[in-house]
Amino acid sequence: MKALVAIEKEEWARKMRRLLRRACDAAKLARERELPLKPRLIAAFERHSDAIVAEGLALHEAQPPPAARGGEKRRGRAPRGAGHNLLARFSARKNDTLRFLHDPSVPFTSNEAERDGRMMKVRQKISGGFRSLAGAAHLATIRSFISTGKKQGWKIVDALTSDPQSLAKFLRLA
């Protein structure tokens, strides 16, 4: 969305970014106060989002589709720009996009989940893969344990060096 605002200068994208930031702030404030967002506020955010998507789609529908690469004629549907594709996803995935408003356990971004998976990808790129499926599974288990421990505020070294049976009991209770 940054590129649509900064490079393409699409007004709908600027409005959507501002709306999502405000919605994120409202959800964060409600979470800190341990209160749900008011249904009227959620409905207002959803209506505003729908209006922005409609504005953006109208803009993109009025524009000619981008030319095919290499000047060749393509089969299938005509290609659309990045802005149109993002608007189509906002429209089709509205409930997923705004789920953080309805459910306080859903984070605004997927940054944490992406960070959790990054180590596996780095390992795969550096070594070119894993020697066995079991090795990949072991690394995934260890990384998952460490990630969970950090999120729970554990002292990782203590957790890794503790008695395995007591640790297993603790993990089943948690």
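Quick notes
- Selection within segment 130-174 - at pLDDT 70 or above and not in a helix (DSSP H, G or I): 130, 131, 132, 153, 154, 155, 162, 163
- Listed by first and then second residue, the pairs linking a residue in segment 105-116 that is assigned to a helix (DSSP H, G or I) to a residue that is not polar (S, T, N, Q), with Cβ atoms under 8 Å apart and 6 or more places separating them unless they lie on different chains, are 116/143.
- Filter result for residue 37 (surrounded by 15 or more Cβ atoms within 10 Å (Cβ to Cβ), touching a His at 6+ places or on another chain (Cβ under 9 Å) and not acidic (Asp, Glu)): yes
- Filter pass, residue 19 being surrounded by 13 or more Cβ atoms within 10 Å (Cβ to Cβ), modelled with pLDDT of 90 or more and in contact with a helix residue (DSSP H, G or I) (Cβ under 8 Å, 6 or more places away or on another chain): yes
- Residues of segment 47-58 satisfying the condition of being out of contact with any Ser or Thr (no Cβ under 7 Å at 6 or more places or on another chain) and buried (at least 18 other Cβ atoms within 10 Å of the Cβ): 49, 52, 56
- Any pair with Cβ under 9 angstrom, 6 or more apart, that starts in segment 150-167 at a residue that is at negative phi and ends at one that is part of a loop (DSSP other than H, G, I, E, B): 152/174
- Any chance residue 93 is under 23 Å from the mean Cα position of the chain (by Cα) and either assigned by TED's automatic domain parsing to the domain that holds residue 151 or of a type in the set (Lys, Arg) (or both): yes
The values are calculated or read from the model by the stated rules, or taken from the named source; none is laboratory data. The model shown is predicted, which means the values in this text are computed figures rather than measured ones. Glycine also receives a Cβ, built like all others from the backbone with ideal geometry; neighbour counts cover every protein chain displayed.
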